Amino acid sequence: MRVIVIGGGPAGIRATRTIKALKPDTEVVLFRPEYKSLIYCAMPYVIEDIFPVEKIYKKDELITDIGAQLIRQSIVEVDLSSKRVKSEDGSWHKYDKLLIATGADPIIPPFVPKGLTNVFVFKREEHLRGVLDRVKSGAQKAVVVGAGSIGIEVSQASNKAGLETHLIEMADHILPNLIDKEMAEILEEKIRKTGIHLHLSNPVQEVRGADYAERILLKDGTEIELNKNDIVIFSIGLKPNVELFDKSGLEIRKDGIVVDNHMRTNIEDVYAAGDCCSFYSGIDHKPILGKLATNAVPMGKIAGINIAGGDAEYDGFYNGAATIVQGIRIGGTGFNETVAKGRGFSRYVVGYGETTTMFPIFPDPGFVKIKLIVNQEDHRLIGAQVVGTMCITERIDLLTFAIQNKITVEKLAKLSYSAQPYQSFFPANNAIVIAAEDALKQIG
Ligand SMILES: Cc1cc2nc3c(=O)[nH]c(=O)nc-3n(C[C@H](O)[C@H](O)[C@H](O)COP(=O)(O)OP(=O)(O)OC[C@H]3O[C@@H](n4cnc5c(N)ncnc54)[C@H](O)[C@@H]3O)c2cc1C
């Protein structure tokens, strides 16, 4: 069997490795245009100068050491009816099974004049190097548009690199897709304390300039003047890389290629995985955005198992994610209140719990605050948010597991936990249990 994988990101790599692990005799050929695949999540820390660009290269051996073939070329045409794809050197390649893992690219709003030399998005090596070059050659200001995780991390990096940094968000709080306003406030305060100018409820109205962005105008009338070397980075959303398949017969929505829970498309022997796909939430089984590496990897694994002849199902996105600003960690999973309401969950309750993260008899014992969102109809957890000084992702993962397994708030209130002076509150309590008990009181 010959499998062609288009795309060398987390989905393509994981699928390739899965197929070769399960069926070593399968010929797998992976196409990707980049010289190296990047560990995207680590890109902001290159601007902070914590490590050089080369340190965030993924090893090609992840593909080649397992006997798969890596071809550094784009696929420029597809003919799915005769099961072949054309690479940029003009040659056609036959496949028995195809995996599309072409990812998604960040967007720049249409009102921004085209070709401005200091306007960037932040995904590829050339974007990172473009930003780095400017930081090193005298940039004084950075304007980061979009206060999601990437925007927050990039703005911190520019701030640490010594640039006057503006972080601009159209919603009334940071991380609007992940966190609710009252949970975000602690981090917003921290962001402001670092010296970043945080502009909330204040979308960019206009970008003026001929060769470069000279002036950014915000809704409230604020104008940010820039010179040639200054940087504007848009981190406001993604568009799936699917133009190649426009006339291929594949079913494609605005957010990507439609796949079933086996990662099969509507065309036989054609699979898709990762950011290029449209998929649904594991909570209500309706479409939801989930363009995260932590979704792309399991989708790639499921696709790989099924391409190799297995029978694996993906149950949906839960979208657990987190970020950090100077020691304050924040994250969420499932639906926040805005998302829950938007998806028709009108009857839900929320519960809060807060403890220190060490026995409170220590100096500076830190804190952790939990918010739970519980569907009043069936008492199941549908969302959770965590902010604090320690072990945030671990708590988010535990709460994702609870959502995934349809755990009720009654069960969560009985969570059996561990305690140790340096790593938890007193054995007397736990923030998740306190939050669950609080939610139970609201349910009555
Ligand atoms: C700065 C940054 C920080 C991030 N931080 C996090 C994080 O902390 N946690 C998290 O979970 N996620 C994070 N993400 C998101 C995560 O990186 C993506 O969700 C993930 O990379 C998606 O994987 P993918 O394999 O679907 O697509 P991609 O990684 O986008 O890979 C797509 C691949 O397909 C190739 N390709 C496209 N078109 C063609 C073609 N025609 N022919 C051949 N190859 C093609 C591309 O060149 C690329 O190699 C971050 C992203 C960025 C940019």
Inset, instruction - Return a yes/no flag: does the range 180-187 have any residue that is in a loop (DSSP other than H, G, I, E, B) and in contact (Cβ under 8 Å) with a residue 12 or more places away in the chain. - result: yes
Legend entry - Pairs with Cβ under 7 Å, 6+ apart, first in the range 349-373 and in contact (Cβ under 8 Å) with a residue 12 or more places away in the chain and within 12 Å of Val386 (Cα to Cα), second of a type in the set (Ser, Thr, Tyr) and assigned to a loop (DSSP other than H, G, I, E, B): Phe367/Thr356; Phe367/Thr357; Phe367/Thr389; Val368/Thr357
Inset, instruction - Output yes when any residue across the range 110-127 is of a type in the set (Ser, Thr, Tyr) and within 14 Å of the ligand (Cβ to nearest atom), and no when none is. - result: no
Inset, instruction - Looking only at the range 264-279, decide whether some residue is at pLDDT below 95 and farther than 17 Å from Leu399 by Cα. - result: no
Inset, instruction - With the condition kept exactly as written, say whether any residue in the range 145-157 is outside any strand (DSSP E or B) and over 19 Å from Ile108 (Cα atoms). - result: yes
Legend entry - Number of the exception - Leu217 against (1) part of a strand (DSSP E or B); (2) in the same structural domain as Val78 (by TED's automatic domain parsing); (3) without any contact (Cβ under 8 Å) to a residue 60 or more places away in the chain: (2)
Inset, instruction - Kindly indicate which of Glu268, Glu243 is of a type in the set (Asp, Glu), within 12 Å of the ligand (Cβ to nearest atom) and at negative phi. - result: Glu243
Legend entry - Of all residues making up the range 299-324, the number that are touching a residue at least 60 places away in the same chain (Cβ under 8 Å), under 17 Å from the mean Cα position of the chain (by Cα) and away from the ligand (no atom under 11 Å from the Cβ): 1
Legend entry - Pick from the range 59-80, criterion polar (S, T, N, Q) and farther than 22 Å from Asp25 by Cβ, ranking: farthest from the chain's Cα centre (by Cα): Gln73
Inset, instruction - Scan the range 302-315 for residues that are surrounded by 20 or more Cβ atoms within 10 Å (Cβ to Cβ) and either closer than 29 Å to Thr389 by Cβ or of a type outside the set (A, V, I, L, M, F, W, C) (or both) and report the count. - result: 3
Inset, instruction - Would you be able to say whether some residue in the range 62-81 is away from the ligand (no atom under 12 Å from the Cβ) and either closer than 27 Å to Leu218 by Cα or assigned to a helix (DSSP H, G or I) (or both)? - result: yes
Legend entry - Candidates Leu167, Leu175, filtered to the one that is in a loop (DSSP other than H, G, I, E, B) and at pLDDT 95 or above: Leu175
Inset, instruction - Looking only at the range 270-322, count how many residues are closer than 20 Å to Ile107 by Cα and assigned to a loop (DSSP other than H, G, I, E, B). - result: 4
Legend entry - Residues satisfying the stated conditions in the range 126-137, i.e. small (Gly, Ala, Ser) and over 24 Å from Leu217 (Cβ atoms): Ser137
Legend entry - Subset of the range 220-249 (residues that are over 25 Å from the mean Cα position of the chain (by Cα), assigned to a strand (DSSP E or B) and of a type in the set (A, V, I, L, M)): Ile224
Inset, instruction - State whether one or more residues within the range 389-412 are assigned by TED's automatic domain parsing to the domain that holds Ala439, surrounded by 16 or more Cβ atoms within 10 Å (Cβ to Cβ), in a strand (DSSP E or B) and not β-branched (Val, Ile, Thr). - result: no
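Each row is one residue, and each column tells you yes or no for (1) within 16 Å of the ligand (Cβ to nearest atom); (2) more than 20 Å from the chain's Cα centre (by Cα); (3) farther than 25 Å from Leu415 by Cα.
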{"site": "Leu292", "(1), (2), (3)": "yes, no, yes"}
{"site": "Ile330", "(1), (2), (3)": "yes, no, no"}
{"site": "Tyr352", "(1), (2), (3)": "no, yes, no"}
{"site": "Lys369", "(1), (2), (3)": "no, yes, no"}
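Residues are listed down the side, and each one gets a yes or a no for (1) closer than 22 Å to Leu218 by Cβ; (2) charged (D, E, K, R):
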| residue | (1), (2) |
| --- | --- |
| Ala101 | no, no |
| Pro110 | yes, no |
| Pro113 | yes, no |
| Gly146 | yes, no |
| Asp172 | yes, yes |
Inset, instruction - May I ask you to say which residue of Lys286, Lys341 is of a type in the set (D, E, K, R), modelled with pLDDT of 95 or more and not assigned by TED's automatic domain parsing to the domain that holds Lys406? - result: Lys286
Inset, instruction - Could you pull out the residue among Tyr45, Tyr35 that is among the hydroxyl-bearing types (Ser, Thr, Tyr) and surrounded by fewer than 14 Cβ atoms within 10 Å (Cβ to Cβ)? - result: Tyr35
Inset, instruction - Give the range 87-99 a look and list any residue that's surrounded by 14 or more Cβ atoms within 10 Å (Cβ to Cβ) and more than 10 Å from the ligand (Cβ to nearest atom), or say none. - result: His93, Tyr95, Lys97, Leu98, Leu99
Legend entry - Selection status of Thr18, surrounded by fewer than 17 Cβ atoms within 10 Å (Cβ to Cβ), assigned by TED's automatic domain parsing to the domain that holds Ala296 and either within 15 Å of Lys301 (Cα to Cα) or more than 9 Å from the ligand (Cβ to nearest atom) (or both): no
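The values are calculated or read from the model by the stated rules, or taken from the named source; none is laboratory data. Owing to the predicted nature of the structure, the values given are computational and were not obtained by experimental measurement. Cβ: placed from backbone, ideal geometry, glycine included. Neighbour counts: every protein chain shown.
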